[in-house]
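One structure below.
The values are calculated or read from the model by the stated rules, or taken from the named source; none is laboratory data. These numbers come from a predicted model, not from an experiment. When we count neighbours, we look across all protein chains shown, and the Cβ atoms used for this are built from the backbone with ideal geometry, even at glycine.
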Amino acid sequence: MVVVEELSDKHGGRQLRILGTGLAESKGLRHGYIVNKEEVSASIREAKRQAESVAHVPIRAGFLAIGGISLDEARATGFTIISRADQEITTLDLEKAGKAAREAAAPGFLNRRVLHSIPTEYRIDGAKVLGDPLGMKGVRLEVDYLFVTCLSQHEEALAGAVEDVDIEIIDRMASPLAGSYVLLEGDQKMKGCVLANIGSETASIVVYDEGIPISVKVFPMGSSSITDDIALGLRISLEEAERVKIGKLTGQMYPRKKVDDFVQNRLVAMFSLIDKHLKSLGRHGPLPAGIIISGGGAGTGSISDIARGSLKLPARLAELRISADTKIRDATWAVAYGLALWGLTGDTNVPKKNLTVSFKKFFQQFLP
């Protein structure tokens with residue numbers, strides 16, 4: 001998926017507007033990593049061609065979403081002694097604590113690229129700080145960090161496929177975070193929720209609490225697993241199984257009750273993995289905003305009811321939080337659209353030029 005977006009002046013303010021989109025079948029990928037670079041480049045080239053045709057602008061550079069099974073997380077705590085004589089915390093102290101946390105986590109970064117470093121909690125002299133500690137006073141500053149990483153080999157292969165079609169990569173973002181940018185409300189993030197993206201071969205989640213992403217995880221199970229179960233259970237081809245799954249083939253040969261059982265059993269297994277991970281985070285309370293389900297597999301069976309029963313949480317399908325005049329209404333576009341928004345208004349590695357309005361940087365919303 002390719003989204004072309006611009007920042008324009010409207011009604012005395014700035015507004016984001018989609019100029020064009022491109023969509024091509026994903027080929028040459030397995031669980032989000034490349035197994036055939038030529039096929040991947042061909043898919044990207046086709047999506048690029050479509051987007052350029054609609055937007056009437058050439059695409060020379062862009063932002064890349066990184067997903068797939070190699071996406072993972074690491075945690076570490078860094079601390080520093082406040083440097084100023086008056087004990088006031090400065091940006092330098094925050095940087096020192098962040099550097100110490102990264103060094104503590106470094107042994108786990110072998111063969112991995114750090115996509116995001118997110119502070120999840122600050123403590124001054126052992127006491128938790130609510131909000132930004134900058135300007136507060138103390139002796140010792142501690143910061144807990146969440147590091148979102150991916151395998152360097154997978155990232156480099158994907159970046160190479162993009163660059164092969166003459167698109168320069170400006171920056172990279174983890175797909176689950178990109179999706180959360182346009183699928184979750186601020187209140188949901190503050191109260192606590194799980195955003196689950198059910199893809200073809202993987203299910204990814206991002207967990208928010210007190211407005212901060214506290215976990216990003218990918219599981220090697222998706223909607224194609226349901227197709228596999230149906231094919232094996234009914235002893236039919238994968239093509240037939242896919243049509244049975246989406247309801248295009250019915251009758252005595254494919255009893256609905258039996259098909260529904262295949263769907264339910266696989267979804268229960270998927271949400272059991274998510275539930276086990278949530279429990280491993282060591283949280284002491286529920287997630288009142290529940291689980292929000294997106295992705296191409298979100299329309300499979302009674303997925304919300306199954307998620308509600310498995311996780312004992314409120315559950316609903318995701319909706320895009322975008323302007324009414326936007327042609328994209330399908331939440332499967334969330335990652336591409338959220339990535340484009342981040343590229344224009346977020347905290348990326350490239351400075352924004354010629355902007356007369358100062359936007360809040362993307363990761364400012366992650367400050368505890």
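Values as computed for the structure displayed
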| read-out | value |
| --- | --- |
| Residue in region 195-208 that is of a type outside the set (A, V, I, L, M, F, W, C), farther than 24 Å from LEU267 by Cβ and touching a strand residue (DSSP E or B) at 6+ places or on another chain (Cβ under 7 Å) present | no |
| Any pair with Cβ under 7 angstrom, 6 or more apart, that starts in region 311-330 at a residue that is modelled with pLDDT of 65 or more and ends at one that is polar (S, T, N, Q) | ALA315/SER304; ARG316/SER304; LEU317/SER304; ALA318/SER294 |
| Boolean, LEU267 is touching a strand residue (DSSP E or B) at 6+ places or on another chain (Cβ under 7 Å), part of a helix (DSSP H, G or I) and surrounded by 14 or more Cβ atoms within 10 Å (Cβ to Cβ) | no |
| Residues located in region 103-147, provided they are out of contact with any Gly (no Cβ under 8 Å at 6 or more places or on another chain), closer than 30 Å to SER70 by Cα and not hydrophobic (A, V, I, L, M, F, W, C) | PRO107, GLY108, ASN111, ARG112, ARG113, HIS116, THR120, GLU121, TYR122, ASP144 |
| Matching residues, region 135-168, being under 23 Å from VAL2 (Cβ atoms) and exposed (fewer than 15 other Cβ atoms within 10 Å of the Cβ) | GLU156, GLY160, GLU163, ASP166, GLU168 |
| Hits in region 80-127 - residues which are closer than 30 Å to LYS217 by Cα and without any contact (Cβ under 8 Å) to a residue 12 or more places away in the chain | GLU95, ALA106, PRO107, LEU110, ALA127 |
| Number of the condition not met by LEU64 [criteria: (1) closer than 29 Å to ARG172 by Cα; (2) touching an Asp or Glu at 6+ places or on another chain (Cβ under 9 Å); (3) surrounded by fewer than 16 Cβ atoms within 10 Å (Cβ to Cβ)] | (3) |
| Filtered residue count, region 205-245, keeping only those that are part of a strand (DSSP E or B) and over 23 Å from SER272 (Cβ atoms) | 1 |
| Restricting region 237-268 to residues that are small (Gly, Ala, Ser) and at pLDDT 85 or above, the residue that is farthest from SER294 (Cα to Cα) | SER237 |
| Region 261-272: number of residues that are closer than 20 Å to ILE214 by Cα and touching a Lys or Arg at 6+ places or on another chain (Cβ under 9 Å) | 0 |
| Filter result for ALA307 (of a type in the set (A, V, I, L, M), surrounded by 19 or more Cβ atoms within 10 Å (Cβ to Cβ) and in a loop (DSSP other than H, G, I, E, B)) | no |
| Qualifying residue in region 96-110 (condition: part of a strand (DSSP E or B), more than 23 Å from TYR208 (Cβ to Cβ) and among the hydrophobic types (A, V, I, L, M, F, W, C)) | no |
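The rows are residues; the columns are (1) charged (D, E, K, R); (2) surrounded by fewer than 20 Cβ atoms within 10 Å (Cβ to Cβ).
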| position | (1), (2) |
| --- | --- |
| GLU210 | yes, yes |
| SER215 | no, no |
| ILE230 | no, no |
| GLY233 | no, yes |
| ASP260 | yes, yes |
| LYS279 | yes, yes |
| GLY290 | no, no |
| GLY299 | no, yes |
